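Following: one structure in structure tokens, then a few remarks.
The values are calculated or read from the model by the stated rules, or taken from the named source; none is laboratory data. Predicted model only: the values in this text are computed from it and were never measured. Glycine gets a Cβ as well: all are built from the backbone with ideal geometry, and neighbour counts include every protein chain shown. Please note that ligands, DNA and RNA were not included when accessible areas were found on the heavy atoms of the full protein model with its side chains. Shrake-Rupley method; radii C 1.70, N 1.55, O 1.52, S 1.80 Å.
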Amino acid sequence: MIIYGVSILAFCTLSGIYLGDLIGIMIGVKSNVGGVGIAMLLLITLAHFPKKIFHIDEISQKGVIFWSAMYIPIIVAMAAKQNAVAALAAGPVALTAGILAVAFSFAMIPVLMRFSKSEDHKK
Amino acid sequence: MILDALYALAAKNSLLVAFTFVGITIWISYKLSKHLTKGRLHGSAIAIAIGLLLAYLSGKSTGGSKGLADIELFSGVAIMGGGMFRDFAIVATAFGVHVEDLKKAGVVGIASIFIGVILSFSVGAIVAVSFGYTDPVIISTIGAGAATYIVGPVTGAALGASSDIIALSIAAGLVKSILVMISTPLVANKIGLNNPTAAMIYGGLMGTTSGVSAGLAATDPKLVPYGAMTATFYTGVGCLLAPSVLYLIIVQLMG
């Protein structure tokens, strides 16, 4: 049933964020430490469990896949509700950060390629 | 009278109004992508840009701080784009991840994901500091935004950043995504982006799935699955590292 998938997804999200909150309290920062990332790891782990122990059947999977397909629309809604007027006052910082991040990442490709080739050589 | 009834209906069903509205926005964006840019600029990037633009225009006209959601008719946008649905949908994207793909990507592919997240975060953080920001929460949120427009708001929300800083992080990620889409075919030859291994490294370093898919499609469609394979892991790694280890490092560095 589709609700099984939705339920598993909700469980993973809640557990991950809860763990993130707990880690934040433990290390003494007032924030959620990696909760969404932990939730993703939980979901991946559950999805890769041996089928005999835990199996999400095809219809239940649709309950997860639906929400994964909703993520761009939700990001669009999220963008539309931000304080963009205040952000524009600091606009150049976003533009600079975006451009430089791309430039540096492109520059790393040849470096990693060389590393990859020397790895092949060793084999 | 007819309008009053319509407004009353919209107020009671604000989330449904938001679904309808965002659906139309995305439909228009994909049409624009196809007809104006021949698919070069991915529809999702155009839609997010329109979202930010609407937030700006609404903010200007209402003087509020919640963008489009300050207009009563569109108050449901705040629910749809709120923290609960955002986290729920982002976690759901992890479901499509195949762990077997990581083995195919090899050591260099996996390394490229981590290097990519840390590199973009660092660049964004340094830019934030050079613009005079000293608050570790702001620096980390902008750094995370330079990773992707997902990692930015997830980090900002986790650390308690304000809405304008989260908007900045979305904008930084959006600039990155659009730039990757446009520039990839132009620089592909120079950086040797013409084989599956290079495409996997490229996907891991860039991380913006929409940017990587559109960029590779314009370069060589056969390379798309290789780039997308590593790029899909990037957001997860970013959501894990940015609001934890990377933020704590920034706290230490900023004293």
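What the table shows:
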read-out: Base-10 log of normalised Debye intensity for region A:83-123 (one unit scatterer per alpha-carbon) at q = 0.32 Å⁻¹; value: -0.95
read-out: Listed residues A:110, B:177, B:13: farthest to the positive end of the dipole of the protein assembly as shown (Cβ charges); value: A:110
read-out: Alpha-carbon centroids, region B:178-255 and region A:72-103: separation in whole Å; value: 18
read-out: Proximal lysines to residue A:52, defined as alpha-carbon separation beneath 22 angstrom and excluding residues fewer than eight positions away on the same chain; value: A:62
read-out: Residue of A:13, A:45, A:96 that the Gaussian network model of chain A assigns the largest fluctuation, springs spanning Cα pairs under 10 Å; value: A:96
read-out: Heavy-atom accessible area ranking, 1.4 Å probe, most first, across B:112, B:61, B:162; value: B:61, B:162, B:112
read-out: Spatially proximal aspartates and glutamates relative to residue A:81 (Cα-Cα < 18 Å; intrachain offsets below 8 disregarded); value: B:70, B:72, B:87, B:164
read-out: Average beta carbon contacts from partner chains per residue of B:46-56, 10 Å cutoff; value: 6
read-out: Most fluctuating residue given options A:41, A:112, A:100, as computed from a GNM of chain A linking Cα atoms under 10 Å; value: A:112
read-out: Region B:44-116 - Rg over Rh from alpha carbon coordinates, Kirkwood radius; value: 1.21
read-out: Compactness of region B:1-42 - radius of gyration and Dmax, Cα, Å; value: 15.3, 46
read-out: Cα Rg over Rh - chain A, Kirkwood; value: 1.10
read-out: With every protein chain in place, region B:1-148: carbon and sulfur % of accessible area (1.4 Å); value: 70
read-out: For residues of B:233-246, the mean tally of beta carbons on other chains within 10 Å; value: 5
read-out: Candidate lysines for bridging to residue B:34, where Cα separation is under 23 Å - those fewer than 8 sequence places away on the same chain excluded; value: B:176, B:222
read-out: Region A:4-26-region B:84-155 distance, computed between alpha-carbon centres (Å); value: 19
read-out: Peptide B:149-156, shielding by other chains (average Cβ, 10 Å cutoff); value: 3
read-out: Chain lengthening between residue A:7 and residue A:114 when straightened (0.36 nm per residue, less Cα-Cα); value: 34.0 nm
read-out: Where trypsin sites (Lys or Arg not before Pro) fall in DSSP loop in region B:15-66, at most 13 other Cβ within 10 Å; value: B:38
read-out: Relative contact order of region A:1-81, defined on C-alpha pairs under 8 angstrom at six or more residues apart (%); value: 36
read-out: Area buried, chain A against chain B - accessible surface, total, 1.4 angstrom probe, square angstrom; value: 6800
read-out: Built amide H within the under 5 Å cut-off of residue B:97, gap 5+; value: none
read-out: Where trypsin sites (Lys or Arg not before Pro) fall in DSSP loop in region A:26-115, at most 10 other Cβ within 10 Å; value: A:30, A:51, A:52
read-out: Percent of Cα pairs exceeding the 26 Å cut-off, where the set is the protein assembly as shown; value: 51
read-out: In Hz, Karplus ³J(HN,Hα) per residue of region B:41-49 (6.51, -1.76, 1.60; θ = phi - 60°; x = Gly, Pro); value: 8, 5, x, 5, 5, 5, 4, 5, 4
read-out: Solvent-accessible area, 1.4 Å probe, carbon plus sulfur percent, for region A:83-123; value: 70
read-out: Solvent exposure of the protein assembly as shown as accessible area per residue, Å², 1.4 Å probe; value: 45
read-out: Range of Cα positions in region B:2-82 per principal axis (Å), largest first; value: 41, 26, 23
read-out: More than 25 Å apart - percent of Cα-Cα pairs taken over chain B; value: 47
